[in-house]
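**Student:** Take this structure, written in C-alpha cells, and hold onto it; I'll ask about it next.
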Protein chains: 2
Amino acid sequence: MIRCRERLEVIALPFVPRVERGDDVAALARAALERASVTLADGDVLVVTSKVLSRAEGRFVDLSRVEPSERAAALAAEVAKDPRLVELILRESTGVSRKAKHVLIVRHRLGFVGANAGIDASNALPASAAEGSGPWVLLLPEDPDASARSLRRALEAASGARIGVVVSDSFGRPFRLGTVGGAIGCAGLPPAWDRRGDRDLDGRPLEITVTALADQVAACADLVAGQADEGRAMVVVRGLSFPASDDPASALCRRPEEDLYA
Amino acid sequence: MIRCRERLEVIALPFVPRVERGDDVAALARAALERASVTLADGDVLVVTSKVLSRAEGRFVDLSRVEPSERAAALAAEVAKDPRLVELILRESTGVSRKAKHVLIVRHRLGFVGANAGIDASNALPASAAEGSGPWVLLLPEDPDASARSLRRALEAASGARIGVVVSDSFGRPFRLGTVGGAIGCAGLPPAWDRRGDRDLDGRPLEITVTALADQVAACADLVAGQADEGRAMVVVRGLSFPASDDPASALCRRPEEDLYA
C-alpha cells in the first residue's frame, strides 16, 4: 500500500535553461538538482513538463511547411482554426471528441482526451528557426512514458535513490474552468493509487477507492512550475512513499467504450 | 498577480478527531494546528474535506426514513441503485448529466457535476445513531463557500495571518480514471488564477491563461489527506502568494450552455 507521510515538499528547480533539440534532459535535471541543492531521496518524484521533452526531441513544426489534407481543411473551416494546425492535430489523434468554433477536442494517440492534441505555440520557437520562418508550434513528446523511464534510469543510476518520474501537461476539463496539471508520461510510481481495502473510521470499506496519484502529483507541481517564471520546468515532489510500478500514464485513460462522455 | 514561491509545503494535521453535529470546526482547526505546531502565516491555505463540515452541520440522513418519489423510484430501477439514495441525489441536484447501470452523474445544486451529488456512506455514521437505524449517508455541506468564509474569519482573527480556505471533495472525471481532489468551497484565494498577460520565454503571450488554483490546491492536499489515515481531514498548503478574493468555488464551474459535455 502506498502511504503518504504527513508532509510533502514541492520544490521547483529554478533556472532550468531553455532546452534545445538533442539536449540531454537527464544531464539538465542533474545540473538543476545540484544548483537547487536537492539530493534525490527514495520516494521523490521528478515532474517534468512536456515542453522540456518536446523541445529536446525536436518536436518543432514550422506551420508554413504543413500541407493540410482535404479533411483538415474542411474541419478547419468548420471550427475556424488554421488548417495547417488542424492537419497536425488530426495526425496526432485517433478521433475527434468535440468541436465548436475555435475549439477542437480530440483523443490523442497516447490515449488521453484534450484540446488541440496538446499542440501549442508557447515556447515553441527552435534555436535553429530561420528569419521569416514559422509560425512554429510544438507537438507533444513522441513517447512520454519511454522518456520518463529513461530519465528515471539515469537519475536512479546517478543518485542511488528509488524515484518516480512524471511527464506533465496542462489539461482543460469538461464541467470545470481553468487548467490543471495531468500526467501524460509516468515511470516508477503507480499512476493510479488503488485504495481498495482501506476502511473508514467505522471500519466500512471506503467507497472511493482509486486515486489518480500521478495526476495529483502533476497538479501539485503545476502550482510551482510555469512556463513564464524563469523556466521552472522541473519540480521535485518529496514525501510520498510508493511501490515501484511499470504502469504507463495511459493506465489513467478510460477506454472510450467505458466513457459516458466520449 | 499571484506568484508561487519556489517551494510549497503540504502539511497534514494529524489526529483531527471525528467531528460530530454541532462541533466548532474553527476550534477543531485551531487545536489541530497547535498539536502539529503549525502557526498560520500569510498565504497559507487550509484545506478541509467536505466530510468535516457535513458532519459538523449534521448532514446525516437515515435512508430507512427516506420516502422515494415516483421519479426517484423509476430512475433507481433504471440505474439499479437504492431508490432512497436516488431520492436524495435528485433533491440535491438540478439535473442528470449521465446515467448508466450503477452510475448517476448529476449537476449538483452548488453548480458542479459529479457522481451521486457527492452523497456517500463513508464516515457517515452519526454519534447519535440508534441501534438498528440506517443505513446512513452524508450529504455535502449546505453552503461550503459560507463555511469556508466563516472558518477563514475565525482563523484570521485568531492568528492575524491572511489565509485562504478550501473545502475539498473527491471527484471522478470524464476520460480519466481515478479520483482527484477538487474545490467545492473557497474563501480568501482566487479559485481561478488568471495568467493572462504572462509571456513565454520568447515574449509570446501564454496560450494557457487560467489555472484552476483552488482545484490544484485541493489535489495537493488530497495526497496527504485521507479518510482512512488517522483522520487527516485538514491540510495546510504553505508557500503560495495570492491576492485576497471573494470569488466562490462555483467560479470554477462552467455554465451548462458553455459546456460541450453537459
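**Student:** How would the range A:45-130 be classified by its alpha-carbon gyration tensor: rounded, prolate or oblate, with rounded meaning a/c under 1.5 and the a/b versus b/c comparison settling the rest?
**Tutor:** It is oblate, given that a/c is not under 1.5 and a/b is not larger than b/c.
**Student:** Per-residue ellipticity at 222 nm for chain B, helices alone: DSSP H runs ≥ 4 residues times -39500 (n - 2.57), over residue total, nearest 500 deg cm²/dmol?
**Tutor:** -7000 deg cm²/dmol
**Student:** When a/c reaches 1.5 or more, the comparison of a/b and b/c decides; with that in mind, is the range A:1-145 rounded, prolate or oblate per its Cα gyration tensor?
**Tutor:** It is oblate, given that a/c is not under 1.5 and a/b is not larger than b/c.
**Student:** Which residue fluctuates most in the GNM of chain B (Cα springs below 10 Å): B:Arg107, B:Arg91, B:Arg149?
**Tutor:** B:Arg91
**Student:** Explain nothing, just the number: dipole magnitude of the range B:37-114 about its Cα centre with +1 on each Lys and Arg Cβ and -1 on each Asp and Glu Cβ, in debye rounded to the nearest 20.
**Tutor:** With only Lys, Arg, Asp and Glu charged at Cβ, the dipole is about 300 debye.
**Student:** Run the label-point distances for A:Asp24 please: 7 Å along Cα to Cβ, every other copy, nanometres, shortest first.
**Tutor:** The projected label point of A:Asp24 is separated from its counterparts by 6.2 nm.
**Student:** For the range A:60-138, with the dipole built from +1 on Lys and Arg beta-carbon atoms and -1 on Asp and Glu ones, taken about the Cα centre, which of A:Ala80, A:Pro68, A:Ser122 lies farthest toward the positive end?
**Tutor:** Of the listed residues, the answer is A:Ala80.
**Student:** Is there a quick way to get the dipole size of the range A:40-80? I mean about its Cα centre, with the Cβ of Lys and Arg at +1 and of Asp and Glu at -1; what is the value in debye to the nearest 20?
**Tutor:** 140 debye
**Student:** Quick one: compute the contact order of chain B, relative version, from alpha carbon pairs under 8 angstrom and 6+ residues apart, as a percent.
**Tutor:** Across chain B, relative contact order equals 28 percent.
**Student:** Could you calculate the contour length gain from B:Ser241 to B:Glu131, that is, 0.36 nm times the residue separation minus the distance between their Cα atoms, to one decimal place in nm?
**Tutor:** So the extension gain works out to 34.7 nm.
**Student:** Gap in Å between the Cα centre of the range B:116-185 and the Cα centre of the range A:85-139?
**Tutor:** First find each Cα centre; the distance between them is then 38 Å.
**Student:** Gaussian network model of chain B, Cα springs within a sub-10 Å range: biggest mean-square fluctuation belongs to which of B:Val61, B:Val25, B:Val210?
**Tutor:** Evaluated over chain B, the most mobile residue of the options is B:Val210.
**Student:** Relative to the longest principal axis of the C-alpha atoms of chain B, give the angle of the C-alpha long axis of helix B:70-79, reported between 0 and 90° and rounded to the nearest 10°.
**Tutor:** 80 degrees
**Student:** Let me check I've understood the local charge: for A:Ala80, count other residues with C-beta under 11 angstrom from its C-beta, Lys and Arg +1, Asp and Glu -1. What total comes out?
**Tutor:** +1
**Student:** Here is a follow-up. Any idea what angle helix B:25-35 forms with the longest principal axis of chain B, computed on alpha-carbon atoms, 0 to 90 degrees, nearest 10?
**Tutor:** Taking Cα atoms only, the helix is inclined about 50 degrees.
**Student:** Given points 7 Å out from each Cα along the Cα-Cβ axis, report the A:Arg255 to B:Arg71 separation in nanometres with one decimal.
**Tutor:** Label-label distance for A:Arg255 and B:Arg71, simple model: 3.6 nm.
**Student:** Let me ask something else about it. Does anyone have the angle between helix B:213-222 and the longest principal axis of chain B? Alpha-carbon axes, 0 to 90°, nearest 10?
**Tutor:** Taking Cα atoms only, the helix is inclined about 70 degrees.
**Student:** Points 7 angstrom from Cα along the Cβ direction at A:Ala262 and A:Arg18: gap in nanometres?
**Tutor:** Going by the 7 Å Cα→Cβ label model, 4.2 nm.
**Student:** Size of the dipole of chain A about the Cα centre, Lys and Arg at +1 and Asp and Glu at -1 on the beta carbon, nothing else charged, in debye to 20?
**Tutor:** So the magnitude is around 240 debye.
**Student:** Quick one: how many lysine pairs in the protein assembly as shown have C-alpha atoms under 24 angstrom apart, if they're 8 or more apart or on different chains?
**Tutor:** Lysine pairs satisfying the spacing and distance rule in the protein assembly as shown number 7.
The numbers here are math on the coordinates, done by the rules we state, and not lab data. Being a predicted model, the structure only gives us computed values, none of them experimental. Cβ atoms come from the backbone with ideal geometry, glycine included; neighbour counts cover every protein chain shown.
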